[in-house]
Amino acid sequence: MLDFLTGMSRQFSLAIPRFGVIKQSEHINYFSGRSLRALLAASGFLVIAERSDSKMKVGGLRIGSYGVAAMPDLEMTS
């Protein structure tokens, strides 16, 4: 039931409720742009472009989208 309520909450707001459930198979849906940039930087990548669309729908469900283009940070690898 908590899984269903979390999914419904995500359809009508941007926040995961305090009682929410995040399934491991859907973890990628819950990264923020800030956390993904930090992860890429810590892994030796340089973000060169990014774009998000919080209103994107698939099959009638608002899931949003986020895309990032990154390349290895050559200063960190030398």
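Packing here is the average count of other Cβ atoms within 10 Å per residue, and on that basis the peptides 42-49, 57-64, highest first, run 42-49, 57-64.
Over the C-alpha atoms of the range 29-78, the Rg to Rh ratio, Rh being the Kirkwood estimate, stands at 1.11. Take the Cα of residue 52, step 7 Å toward its Cβ, do the same at residue 38, and the gap between the two points is 1.4 nm.
Bear in mind these aren't lab numbers, they're just calculated from the coordinates by the rules spelled out. All of these numbers come straight from a predicted model, not from anything done at the bench. Here Cβ is always computed from backbone atoms with ideal geometry, including for glycine, and neighbour counts include all displayed protein chains.
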